[in-house]
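The values are calculated or read from the model by the stated rules, or taken from the named source; none is laboratory data. What you are looking at is a predicted structure, and each value in this text was computed from that prediction instead of being measured. FYI the Cβ positions are ideal-geometry reconstructions off the backbone, even for glycines, and counts take in every protein chain you see. Surface accessibility is based on the protein's heavy atoms, side chains included, excluding ligands, DNA and RNA. Shrake-Rupley method; radii C 1.70, N 1.55, O 1.52, S 1.80 Å.
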Amino acid sequence: MSYDIAELPEDGEPITVADEDTGELDVPANPIIPIIHGDGIGTDVGPAAQQVLDAAAEATGRSIAWMRVYAGESAREKYDENMPEETVRAIREHRVAIKGPLTTPVGSGFRSLNVALRKVLDLYANVRPTYHLDGVPSPVKNPEEMDMITFRENTEDVYAGIEWEAGTDEVEKVREFVEDEMGADGVIHDGPVGIGIKPITEFGSKRLIREAIDYAVANGRDSVTLVHKGNIMKFTEGQFRDWGYEVAEEEYGDDVVTEDELWEEYDGEQPDGTVVVKDRIADNMLQQLLTRTSDYSVIATMNLNGDYMSDAAGAQIGGLGIAPGVNFGHGKALAEPVHGSAPKYAGQDKVNPTAMILSGREMLDYLGWSDAADLVRDAVEAQISSGRVTYDLERQIEGGEKLATSEFAEEVVERIHDLA
Ligand code: NAP
(Lines give C-alpha, C1' and ligand atoms only; values in the text may rest on other atoms or scores of the structure.)
Protein backbone atom coordinates (compact mmCIF):
# COMPACT_ATOMS: atom_id res chain seq x y z
CA MET A 1 0.00 0.00 0.00
CA SER A 2 1.88 3.08 -1.13
CA TYR A 3 0.43 6.47 -2.00
CA ASP A 4 1.95 9.53 -3.69
CA ILE A 5 -0.10 12.32 -2.12
CA ALA A 6 -2.49 10.78 0.40
CA GLU A 7 -0.74 9.93 3.66
CA LEU A 8 -1.07 6.51 5.22
CA PRO A 9 -1.37 7.03 9.00
CA GLU A 10 1.32 5.31 11.02
CA ASP A 11 -0.78 4.71 14.11
CA GLY A 12 -3.42 2.49 12.49
CA GLU A 13 -3.89 -1.00 11.10
CA PRO A 14 -5.84 -1.99 8.01
CA ILE A 15 -9.19 -3.79 8.18
CA THR A 16 -8.99 -7.20 6.52
CA VAL A 17 -11.50 -9.80 5.36
CA ALA A 18 -12.02 -12.70 7.76
CA ASP A 19 -14.27 -14.69 5.43
CA GLU A 20 -14.22 -14.12 1.66
CA ASP A 21 -17.56 -15.91 1.14
CA THR A 22 -19.60 -13.90 3.61
CA GLY A 23 -17.52 -10.71 3.39
CA GLU A 24 -17.13 -10.71 7.18
CA LEU A 25 -14.40 -8.31 8.32
CA ASP A 26 -11.58 -8.51 10.80
CA VAL A 27 -11.55 -5.07 12.43
CA PRO A 28 -8.58 -4.01 14.60
CA ALA A 29 -9.11 -1.63 17.54
CA ASN A 30 -7.29 1.13 15.60
CA PRO A 31 -8.49 0.75 11.97
CA ILE A 32 -7.30 3.00 9.15
CA ILE A 33 -10.39 4.70 7.74
CA PRO A 34 -10.18 6.82 4.58
CA ILE A 35 -12.26 10.00 4.67
CA ILE A 36 -13.24 12.40 1.86
CA HIS A 37 -14.47 15.64 3.42
CA GLY A 38 -16.14 16.56 0.13
CA ASP A 39 -17.12 19.73 -1.73
CA GLY A 40 -19.10 22.75 -0.53
CA ILE A 41 -20.40 22.11 2.99
CA GLY A 42 -18.30 18.93 3.09
CA THR A 43 -15.49 21.10 4.47
CA ASP A 44 -17.78 21.98 7.40
CA VAL A 45 -19.52 18.67 8.12
CA GLY A 46 -16.52 16.41 7.41
CA PRO A 47 -14.26 17.63 10.25
CA ALA A 48 -17.28 17.94 12.59
CA ALA A 49 -18.23 14.30 12.05
CA GLN A 50 -14.62 13.17 12.42
CA GLN A 51 -14.43 14.84 15.83
CA VAL A 52 -17.63 13.15 17.07
CA LEU A 53 -16.67 9.70 15.75
CA ASP A 54 -13.22 10.03 17.38
CA ALA A 55 -14.88 10.76 20.71
CA ALA A 56 -17.21 7.73 20.42
CA ALA A 57 -14.33 5.44 19.45
CA GLU A 58 -12.15 6.67 22.31
CA ALA A 59 -14.99 6.40 24.83
CA THR A 60 -15.29 2.71 23.95
CA GLY A 61 -11.57 1.93 24.13
CA ARG A 62 -10.67 2.23 20.45
CA SER A 63 -9.31 4.78 18.01
CA ILE A 64 -9.72 5.65 14.36
CA ALA A 65 -6.62 6.30 12.25
CA TRP A 66 -8.05 8.69 9.67
CA MET A 67 -6.56 8.77 6.19
CA ARG A 68 -7.53 11.96 4.32
CA VAL A 69 -8.22 11.17 0.66
CA TYR A 70 -9.40 13.55 -2.01
CA ALA A 71 -12.12 13.79 -4.68
CA GLY A 72 -13.85 16.65 -6.46
CA GLU A 73 -12.52 20.15 -5.85
CA SER A 74 -9.84 19.15 -3.32
CA ALA A 75 -8.54 16.52 -5.77
CA ARG A 76 -8.43 19.03 -8.62
CA GLU A 77 -6.17 21.19 -6.44
CA LYS A 78 -3.84 18.35 -5.44
CA TYR A 79 -3.93 15.98 -8.44
CA ASP A 80 -5.47 18.05 -11.25
CA GLU A 81 -8.23 15.49 -11.66
CA ASN A 82 -11.61 14.78 -10.06
CA MET A 83 -11.23 11.22 -8.89
CA PRO A 84 -7.58 10.16 -8.42
CA GLU A 85 -6.76 6.49 -8.76
CA GLU A 86 -5.19 6.44 -5.30
CA THR A 87 -8.40 7.68 -3.67
CA VAL A 88 -10.36 4.79 -5.17
CA ARG A 89 -7.55 2.39 -4.25
CA ALA A 90 -7.36 3.64 -0.65
CA ILE A 91 -11.09 2.98 -0.18
CA ARG A 92 -10.88 -0.39 -1.91
CA GLU A 93 -7.84 -1.49 0.14
CA HIS A 94 -9.17 -0.30 3.49
CA ARG A 95 -12.73 -1.56 2.87
CA VAL A 96 -14.60 0.88 5.12
CA ALA A 97 -14.62 4.64 4.49
CA ILE A 98 -16.74 7.76 4.83
CA LYS A 99 -17.31 10.66 2.46
CA GLY A 100 -19.02 14.03 2.43
CA PRO A 101 -20.96 15.33 -0.58
CA LEU A 102 -19.43 15.96 -4.00
CA THR A 103 -20.77 18.53 -6.46
CA THR A 104 -22.07 17.41 -9.86
CA PRO A 105 -22.63 20.00 -12.61
CA VAL A 106 -26.11 19.83 -14.18
CA GLY A 107 -26.50 19.24 -17.92
CA SER A 108 -22.91 19.46 -19.12
CA GLY A 109 -19.53 18.88 -17.44
CA PHE A 110 -18.29 15.75 -15.68
CA ARG A 111 -20.58 12.93 -14.53
CA SER A 112 -21.45 12.39 -10.88
CA LEU A 113 -18.37 11.40 -8.88
CA ASN A 114 -20.67 9.90 -6.26
CA VAL A 115 -22.29 7.59 -8.78
CA ALA A 116 -18.87 6.76 -10.29
CA LEU A 117 -17.39 5.87 -6.90
CA ARG A 118 -20.30 3.59 -6.02
CA LYS A 119 -20.01 1.89 -9.41
CA VAL A 120 -16.25 1.46 -9.55
CA LEU A 121 -16.16 0.00 -6.03
CA ASP A 122 -19.26 -2.10 -6.78
CA LEU A 123 -21.05 -0.69 -3.74
CA TYR A 124 -24.33 -2.01 -5.02
CA ALA A 125 -26.67 -1.18 -2.12
CA ASN A 126 -27.25 2.38 -0.99
CA VAL A 127 -28.87 2.00 2.39
CA ARG A 128 -30.68 4.96 3.91
CA PRO A 129 -32.21 4.59 7.36
CA THR A 130 -34.94 7.10 8.20
CA TYR A 131 -35.88 7.18 11.87
CA HIS A 132 -37.00 10.04 14.05
CA LEU A 133 -34.82 11.44 16.83
CA ASP A 134 -36.63 12.91 19.82
CA GLY A 135 -36.82 16.68 19.64
CA VAL A 136 -36.22 17.00 15.88
CA PRO A 137 -38.87 19.30 14.40
CA SER A 138 -40.81 17.80 11.52
CA PRO A 139 -43.47 19.01 9.05
CA VAL A 140 -45.67 15.99 9.88
CA LYS A 141 -47.77 15.34 13.00
CA ASN A 142 -46.38 11.97 13.99
CA PRO A 143 -42.78 11.78 12.77
CA GLU A 144 -42.06 8.92 15.20
CA GLU A 145 -44.16 6.65 12.94
CA MET A 146 -41.33 6.73 10.41
CA ASP A 147 -38.84 3.95 11.02
CA MET A 148 -37.85 2.84 7.59
CA ILE A 149 -34.73 1.66 5.85
CA THR A 150 -34.39 2.06 2.09
CA PHE A 151 -32.20 -0.30 0.05
CA ARG A 152 -31.56 1.53 -3.20
CA GLU A 153 -29.82 -0.29 -6.07
CA ASN A 154 -26.68 1.65 -6.82
CA THR A 155 -25.13 0.40 -10.07
CA GLU A 156 -27.76 0.40 -12.80
CA ASP A 157 -31.06 2.00 -13.96
CA VAL A 158 -30.92 5.35 -15.78
CA TYR A 159 -27.95 6.16 -13.51
CA ALA A 160 -25.79 3.70 -15.48
CA GLY A 161 -24.68 6.66 -17.59
CA ILE A 162 -25.57 5.08 -20.96
CA GLU A 163 -26.94 8.16 -22.69
CA TRP A 164 -26.35 10.19 -25.82
CA GLU A 165 -26.52 13.94 -26.23
CA ALA A 166 -28.95 15.64 -28.62
CA GLY A 167 -27.33 16.70 -31.91
CA THR A 168 -24.58 14.04 -31.91
CA ASP A 169 -24.00 11.36 -34.57
CA GLU A 170 -24.27 8.74 -31.82
CA VAL A 171 -27.77 9.72 -30.76
CA GLU A 172 -28.94 9.75 -34.38
CA LYS A 173 -27.55 6.22 -34.84
CA VAL A 174 -29.42 5.05 -31.75
CA ARG A 175 -32.62 6.73 -32.99
CA GLU A 176 -32.28 5.01 -36.36
CA PHE A 177 -31.65 1.62 -34.72
CA VAL A 178 -34.61 1.97 -32.36
CA GLU A 179 -36.96 3.17 -35.08
CA ASP A 180 -35.90 0.96 -37.98
CA GLU A 181 -34.85 -2.22 -36.26
CA MET A 182 -36.58 -2.31 -32.90
CA GLY A 183 -40.14 -1.50 -33.94
CA ALA A 184 -40.38 1.97 -32.40
CA ASP A 185 -41.06 3.79 -35.66
CA GLY A 186 -42.86 7.09 -35.09
CA VAL A 187 -42.53 6.93 -31.30
CA ILE A 188 -39.80 9.59 -30.96
CA HIS A 189 -40.76 13.11 -32.04
CA ASP A 190 -38.81 14.60 -34.97
CA GLY A 191 -36.02 17.06 -34.18
CA PRO A 192 -33.24 16.99 -31.59
CA VAL A 193 -33.48 14.22 -29.01
CA GLY A 194 -31.44 12.99 -26.05
CA ILE A 195 -31.65 9.24 -25.41
CA GLY A 196 -30.75 7.23 -22.30
CA ILE A 197 -30.88 3.52 -21.56
CA LYS A 198 -32.29 1.96 -18.41
CA PRO A 199 -30.66 -1.42 -17.73
CA ILE A 200 -32.24 -3.49 -14.94
CA THR A 201 -30.58 -6.88 -14.64
CA GLU A 202 -31.58 -10.04 -12.81
CA PHE A 203 -28.15 -10.09 -11.12
CA GLY A 204 -28.32 -6.45 -9.96
CA SER A 205 -31.94 -6.67 -8.81
CA LYS A 206 -31.68 -9.95 -6.96
CA ARG A 207 -28.52 -9.16 -5.01
CA LEU A 208 -30.05 -5.87 -3.84
CA ILE A 209 -33.36 -7.48 -2.88
CA ARG A 210 -31.49 -10.27 -1.06
CA GLU A 211 -29.68 -7.63 1.04
CA ALA A 212 -33.02 -6.07 1.97
CA ILE A 213 -34.69 -9.38 2.91
CA ASP A 214 -31.59 -10.57 4.81
CA TYR A 215 -31.66 -7.34 6.78
CA ALA A 216 -35.39 -7.68 7.55
CA VAL A 217 -34.99 -11.30 8.69
CA ALA A 218 -31.90 -10.58 10.81
CA ASN A 219 -33.41 -7.50 12.46
CA GLY A 220 -36.96 -8.72 13.08
CA ARG A 221 -38.49 -6.25 10.61
CA ASP A 222 -42.03 -7.17 9.58
CA SER A 223 -42.03 -6.31 5.87
CA VAL A 224 -40.04 -5.64 2.72
CA THR A 225 -41.75 -3.49 0.08
CA LEU A 226 -40.60 -3.65 -3.54
CA VAL A 227 -41.14 -0.17 -4.99
CA HIS A 228 -41.42 0.07 -8.77
CA LYS A 229 -43.20 1.72 -11.68
CA GLY A 230 -43.87 -1.61 -13.37
CA ASN A 231 -47.30 -0.63 -14.61
CA ILE A 232 -45.56 1.65 -17.15
CA MET A 233 -42.01 0.27 -17.46
CA LYS A 234 -43.02 -3.36 -17.60
CA PHE A 235 -39.76 -4.94 -18.74
CA THR A 236 -37.50 -3.02 -16.37
CA GLU A 237 -39.34 -1.94 -13.22
CA GLY A 238 -42.01 -4.64 -13.60
CA GLN A 239 -39.32 -7.25 -14.02
CA PHE A 240 -37.56 -5.96 -10.87
CA ARG A 241 -40.75 -6.68 -8.94
CA ASP A 242 -41.08 -10.18 -10.43
CA TRP A 243 -37.44 -10.99 -9.64
CA GLY A 244 -38.08 -9.75 -6.12
CA TYR A 245 -40.93 -12.19 -5.53
CA GLU A 246 -38.82 -14.93 -7.16
CA VAL A 247 -35.96 -14.36 -4.68
CA ALA A 248 -38.39 -14.26 -1.76
CA GLU A 249 -40.18 -17.46 -2.71
CA GLU A 250 -37.19 -19.49 -3.89
CA GLU A 251 -34.61 -18.53 -1.28
CA TYR A 252 -36.37 -17.70 1.99
CA GLY A 253 -38.90 -20.52 2.50
CA ASP A 254 -41.02 -20.07 5.62
CA ASP A 255 -39.20 -16.89 6.66
CA VAL A 256 -41.28 -14.86 4.21
CA VAL A 257 -44.90 -14.70 3.07
CA THR A 258 -46.11 -12.62 0.18
CA GLU A 259 -48.92 -10.14 0.73
CA ASP A 260 -51.22 -12.30 -1.44
CA GLU A 261 -50.49 -15.37 0.69
CA LEU A 262 -51.06 -13.33 3.82
CA TRP A 263 -54.67 -12.74 2.79
CA GLU A 264 -55.35 -16.01 0.97
CA GLU A 265 -53.82 -18.35 3.56
CA TYR A 266 -53.60 -16.45 6.84
CA ASP A 267 -56.65 -14.19 6.73
CA GLY A 268 -54.41 -11.12 7.02
CA GLU A 269 -52.78 -12.29 10.30
CA GLN A 270 -49.00 -12.24 9.86
CA PRO A 271 -47.45 -15.48 11.22
CA ASP A 272 -44.95 -14.79 14.02
CA GLY A 273 -41.35 -14.35 12.94
CA THR A 274 -42.11 -13.89 9.23
CA VAL A 275 -41.39 -11.04 6.85
CA VAL A 276 -44.19 -10.00 4.49
CA VAL A 277 -42.97 -9.21 0.99
CA LYS A 278 -45.22 -6.77 -0.83
CA ASP A 279 -44.93 -4.30 -3.68
CA ARG A 280 -46.16 -0.77 -4.34
CA ILE A 281 -46.13 1.47 -7.39
CA ALA A 282 -43.68 4.34 -6.83
CA ASP A 283 -46.10 7.27 -7.14
CA ASN A 284 -48.55 5.65 -4.71
CA MET A 285 -45.63 4.86 -2.41
CA LEU A 286 -44.68 8.54 -2.12
CA GLN A 287 -48.15 9.35 -0.77
CA GLN A 288 -48.26 6.22 1.41
CA LEU A 289 -45.10 7.45 3.11
CA LEU A 290 -47.21 10.33 4.40
CA THR A 291 -50.60 8.69 4.87
CA ARG A 292 -49.69 5.18 6.11
CA THR A 293 -46.15 5.73 7.36
CA SER A 294 -46.04 2.90 9.89
CA ASP A 295 -47.08 0.27 7.30
CA TYR A 296 -43.58 0.40 5.80
CA SER A 297 -40.37 -0.91 7.26
CA VAL A 298 -37.78 -2.08 4.71
CA ILE A 299 -37.91 -0.80 1.13
CA ALA A 300 -36.10 -2.34 -1.84
CA THR A 301 -36.05 -0.31 -5.01
CA MET A 302 -34.13 0.79 -8.08
CA ASN A 303 -31.70 3.66 -8.31
CA LEU A 304 -33.90 6.59 -9.37
CA ASN A 305 -36.95 5.69 -7.24
CA GLY A 306 -34.63 5.22 -4.27
CA ASP A 307 -33.11 8.66 -4.75
CA TYR A 308 -36.51 10.39 -4.78
CA MET A 309 -37.94 8.32 -1.96
CA SER A 310 -35.12 8.80 0.49
CA ASP A 311 -35.19 12.61 0.18
CA ALA A 312 -38.98 12.59 0.66
CA ALA A 313 -38.73 10.25 3.66
CA GLY A 314 -35.84 12.36 5.01
CA ALA A 315 -38.07 15.45 4.98
CA GLN A 316 -40.52 13.68 7.34
CA ILE A 317 -37.89 13.10 10.00
CA GLY A 318 -36.38 16.58 9.95
CA GLY A 319 -34.86 17.25 6.54
CA LEU A 320 -31.64 16.62 4.72
CA GLY A 321 -29.50 17.92 7.56
CA ILE A 322 -30.45 14.78 9.47
CA ALA A 323 -30.68 11.93 6.92
CA PRO A 324 -27.75 9.45 6.92
CA GLY A 325 -26.73 6.84 4.36
CA VAL A 326 -24.18 4.13 3.65
CA ASN A 327 -23.21 2.23 0.51
CA PHE A 328 -22.49 -1.48 0.87
CA GLY A 329 -20.72 -3.96 -1.36
CA HIS A 330 -19.40 -7.41 -0.56
CA GLY A 331 -17.29 -6.86 2.58
CA LYS A 332 -17.01 -3.09 2.08
CA ALA A 333 -18.87 0.04 3.05
CA LEU A 334 -18.74 3.75 2.21
CA ALA A 335 -20.84 5.92 4.51
CA GLU A 336 -22.22 9.21 3.11
CA PRO A 337 -25.04 11.57 4.03
CA VAL A 338 -28.09 11.82 1.75
CA HIS A 339 -27.62 15.57 1.26
CA GLY A 340 -25.48 17.30 -1.37
CA SER A 341 -22.80 19.97 -1.17
CA ALA A 342 -25.24 22.93 -0.71
CA PRO A 343 -22.69 25.36 -2.24
CA LYS A 344 -24.48 28.49 -0.99
CA TYR A 345 -23.56 27.54 2.60
CA ALA A 346 -20.03 26.28 1.89
CA GLY A 347 -17.37 27.19 4.44
CA GLN A 348 -19.77 29.22 6.62
CA ASP A 349 -19.64 26.89 9.66
CA LYS A 350 -23.43 26.99 9.49
CA VAL A 351 -25.04 23.75 8.29
CA ASN A 352 -26.13 20.75 10.28
CA PRO A 353 -23.47 18.03 10.58
CA THR A 354 -25.98 15.48 11.95
CA ALA A 355 -26.46 13.62 8.64
CA MET A 356 -22.71 13.12 8.27
CA ILE A 357 -22.36 12.19 11.96
CA LEU A 358 -25.20 9.65 11.73
CA SER A 359 -23.70 8.25 8.51
CA GLY A 360 -20.59 7.71 10.61
CA ARG A 361 -22.78 6.00 13.18
CA GLU A 362 -23.86 3.51 10.47
CA MET A 363 -20.19 2.98 9.69
CA LEU A 364 -19.38 2.25 13.35
CA ASP A 365 -22.23 -0.25 13.40
CA TYR A 366 -20.80 -1.95 10.31
CA LEU A 367 -17.43 -2.22 12.09
CA GLY A 368 -19.25 -4.13 14.83
CA TRP A 369 -18.83 -1.21 17.28
CA SER A 370 -22.49 -1.04 18.24
CA ASP A 371 -21.68 0.46 21.67
CA ALA A 372 -19.92 3.39 20.00
CA ALA A 373 -22.73 3.69 17.43
CA ASP A 374 -25.36 3.86 20.21
CA LEU A 375 -23.34 6.54 22.03
CA VAL A 376 -23.33 8.69 18.89
CA ARG A 377 -27.07 8.35 18.43
CA ASP A 378 -27.86 9.06 22.09
CA ALA A 379 -25.56 12.07 22.21
CA VAL A 380 -27.01 13.58 19.01
CA GLU A 381 -30.55 12.98 20.23
CA ALA A 382 -29.81 14.59 23.61
CA GLN A 383 -28.17 17.56 21.90
CA ILE A 384 -31.10 18.17 19.55
CA SER A 385 -33.60 17.73 22.38
CA SER A 386 -31.79 20.51 24.27
CA GLY A 387 -32.78 22.94 21.50
CA ARG A 388 -29.15 24.01 20.90
CA VAL A 389 -29.01 23.25 17.18
CA THR A 390 -27.91 24.51 13.76
CA TYR A 391 -29.94 27.02 11.70
CA ASP A 392 -32.10 24.46 9.89
CA LEU A 393 -33.60 23.10 13.11
CA GLU A 394 -33.43 26.32 15.11
CA ARG A 395 -35.80 28.04 12.68
CA GLN A 396 -38.38 25.35 13.49
CA ILE A 397 -37.90 25.04 17.27
CA GLU A 398 -39.61 27.60 19.45
CA GLY A 399 -37.02 28.99 21.86
CA GLY A 400 -34.23 27.10 20.11
CA GLU A 401 -30.68 28.47 20.11
CA LYS A 402 -28.65 28.69 16.92
CA LEU A 403 -25.20 27.05 16.96
CA ALA A 404 -22.48 26.91 14.34
CA THR A 405 -21.58 23.52 12.83
CA SER A 406 -18.42 23.33 14.93
CA GLU A 407 -20.19 24.38 18.16
CA PHE A 408 -22.86 21.73 17.62
CA ALA A 409 -20.19 19.06 17.10
CA GLU A 410 -18.24 20.17 20.19
CA GLU A 411 -21.36 19.93 22.35
CA VAL A 412 -22.14 16.45 20.97
CA VAL A 413 -18.59 15.42 21.91
CA GLU A 414 -19.14 16.70 25.47
CA ARG A 415 -22.34 14.67 25.67
CA ILE A 416 -20.47 11.56 24.53
CA HIS A 417 -18.02 12.12 27.40
CA ASP A 418 -20.92 12.53 29.84
CA LEU A 419 -22.80 9.47 28.57
CA ALA A 420 -19.79 7.12 28.38
P1 NAP B 1 -28.28 19.81 -1.33
O2 NAP B 1 -26.85 20.14 -1.44
O3 NAP B 1 -28.64 18.57 -0.60
O4 NAP B 1 -29.03 21.05 -0.66
C5 NAP B 1 -30.38 21.31 -0.79
C6 NAP B 1 -30.91 22.02 0.46
O7 NAP B 1 -31.06 21.07 1.51
C8 NAP B 1 -30.02 23.10 1.05
O9 NAP B 1 -30.17 24.33 0.38
C10 NAP B 1 -30.55 23.14 2.48
O11 NAP B 1 -31.86 23.69 2.49
C12 NAP B 1 -30.75 21.68 2.75
N13 NAP B 1 -29.55 21.02 3.29
C14 NAP B 1 -28.71 20.15 2.66
N15 NAP B 1 -27.75 19.74 3.49
C16 NAP B 1 -27.96 20.35 4.68
C17 NAP B 1 -27.30 20.34 5.94
N18 NAP B 1 -26.22 19.57 6.17
N19 NAP B 1 -27.79 21.11 6.94
C20 NAP B 1 -28.88 21.85 6.74
N21 NAP B 1 -29.56 21.90 5.58
C22 NAP B 1 -29.11 21.16 4.55
O23 NAP B 1 -28.95 19.66 -2.78
P24 NAP B 1 -28.68 20.46 -4.15
O25 NAP B 1 -28.59 21.93 -3.83
O26 NAP B 1 -29.71 19.95 -5.06
O27 NAP B 1 -27.27 19.93 -4.65
C28 NAP B 1 -26.03 20.65 -4.54
C29 NAP B 1 -24.92 19.78 -5.15
O30 NAP B 1 -24.78 18.57 -4.40
C31 NAP B 1 -25.18 19.34 -6.59
O32 NAP B 1 -23.97 19.46 -7.30
C33 NAP B 1 -25.60 17.90 -6.48
O34 NAP B 1 -25.28 17.14 -7.61
C35 NAP B 1 -24.75 17.46 -5.30
N36 NAP B 1 -25.27 16.27 -4.57
C37 NAP B 1 -24.34 15.40 -4.10
C38 NAP B 1 -24.76 14.30 -3.37
C39 NAP B 1 -23.72 13.37 -2.84
O40 NAP B 1 -22.56 13.74 -2.75
N41 NAP B 1 -24.06 12.15 -2.49
C42 NAP B 1 -26.13 14.11 -3.10
C43 NAP B 1 -27.05 15.05 -3.57
C44 NAP B 1 -26.61 16.14 -4.32
P45 NAP B 1 -32.23 25.20 2.95
O46 NAP B 1 -31.46 26.14 2.09
O47 NAP B 1 -33.71 25.25 2.74
O48 NAP B 1 -31.87 25.34 4.39
- Query: Rg (Å, one decimal) plus Dmax (Å, integer) for the alpha carbons of the chain?
  - Reply: 22.2, 70
- Item | ³J(HN,Hα) computed for each position of the range 82-96 - Karplus, 6.51 cos²θ - 1.76 cosθ + 1.60, integer Hz, glycine/proline x | 7, 9, x, 4, 6, 5, 4, 5, 4, 5, 4, 5, 9, 6, 10
- Message: Can you give me the solvent accessible area of residue 203 with a 1.4 Å probe, rounded to the nearest 10 Å²?
- Response: 140
- If r is the Cβ-Cβ distance from residue 76 to residue 255 and R0 is 35 Å, what FRET efficiency results, to the nearest 0.05? 0.10
- Give me the percent of Cα-Cα pairs in the range 157-198 that sit more than 15 Å apart, rounded to a whole number. 40
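Which whole-number percent is the relative contact order of the range 368-420 (Cα, under 8 Å, 6+ apart)?
Value for the range 368-420: 38 percent.
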- Relative contact order, percent, the range 69-115 [alpha-carbon distance under 8 Å, six or more residues apart]: 32
- Query: When the solvent-accessible surface of protein heavy atoms is calculated with a 1.4 angstrom probe, in what order do 369, 243 fall, highest first?
  - Reply: 243, 369
- Portion, in percent, of the accessible area of the chain that falls on carbon or sulfur, probe 1.4 Å: 45
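Residue 195 to residue 371: extension gain in nm, 0.36 nm per residue of separation minus the Cα-Cα distance?
58.5 nm
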- Across 105, 343, 324, the residue with the highest GNM fluctuation in the chain (Cα network, 10 Å cutoff) is 105
- Solvent-accessible area per residue, Å², over the range 267-420 with all protein chains present [probe radius 1.4 Å]: 38
- What residue among 180, 157, 44 shows peak mean-square fluctuation when the chain is described by a Gaussian network model with Cα springs under 10 Å? 180
- Can you figure out the FRET efficiency of residue 58 with residue 169, using R₀ = 56 Å and their beta-carbon distance, to the nearest 0.05? 0.40
- Message: Starting from 0.36 nm per residue, how many nanometres of slack lie between residue 17 and residue 188 once their C-alpha separation is accounted for?
- Response: 56.6 nm
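Quickly estimate the mean residue ellipticity at 222 nm for the chain, helices only: each DSSP H run with n ≥ 4 gives -39500 (n - 2.57), and the total goes over all residues, rounded to 500.
Numbers: 14 runs with 161 residues, N = 420.
The helix contribution divided over the chain gives -12000 deg cm²/dmol.
Among 231-237, 350-356, how do they line up from the highest to the lowest mean number of other beta-carbon atoms within 10 Å?
Working: 231-237: 15.7, 350-356: 28.3.
Ranking, from highest mean packing down: 350-356, 231-237.
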- Note on the structure: Under 5 Å from the placed amide H of residue 97, counting only residues 5+ away or on other chains, we find 333, 334, 335
